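Okay, structure first, notes after.
The values are calculated or read from the model by the stated rules, or taken from the named source; none is laboratory data. On a predicted model such as this, the values are computed, not experimentally measured, just so you know. Here the Cβ positions follow ideal geometry from the backbone for every residue, glycine too, while neighbour counts run over all protein chains shown. To get the accessible areas, we keep the full protein, side chains included, count just its heavy atoms, and leave off ligands, DNA and RNA. Shrake-Rupley method; radii C 1.70, N 1.55, O 1.52, S 1.80 Å.
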Amino acid sequence: MATTGLSLSAIGRRLQLDRKTVRRYRHSGLDDLLASARDRGAGVLDPFADYVQHRFRAGCTSSMQLYRQLLALGSTTS
């Protein structure tokens, strides 16, 4: 969204996130964000982390599309 010219405030409104959170995500690399998430402990998506990273780097940034793909791979998250 940022690459399309939307302001951080506009992105925050669309995603229902605080502008400061959007700024943190915008200025952090994917690896840094994933490392930060790992610091919080194990999660239900851990077995699929490599797949999600691969799909994200391939251009899939739709959370719903990733969710459906994870379900097809056997994730039981809902």
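General remarks:
- When the residues of segment 53-68 are filtered to those that are touching a residue at least 12 places away in the same chain (Cβ under 8 Å) and open to solvent by less than 40 Å² (accessible area, probe 1.4 Å), the one that is nearest to ALA35 (Cα to Cα) is GLN53.
- Within segment 1-25, the residues that satisfy the criterion of being open to solvent by 50 Å² or more (accessible area, probe 1.4 Å), within 18 Å of SER62 (Cβ to Cβ) and either of a type in the set (D, E, K, R) or in contact with a Leu (Cβ under 9 Å, 6 or more places away or on another chain) (or both) are MET1, ARG14, TYR25.
- Qualifying helices (runs of 4 or more DSSP H) (wholly inside segment 1-73; at least 1 residues being modelled with pLDDT of 80 or more and out of contact with any Cys (no Cβ under 6 Å at 6 or more places or on another chain)): 8-15, 19-27, 49-57, 63-73
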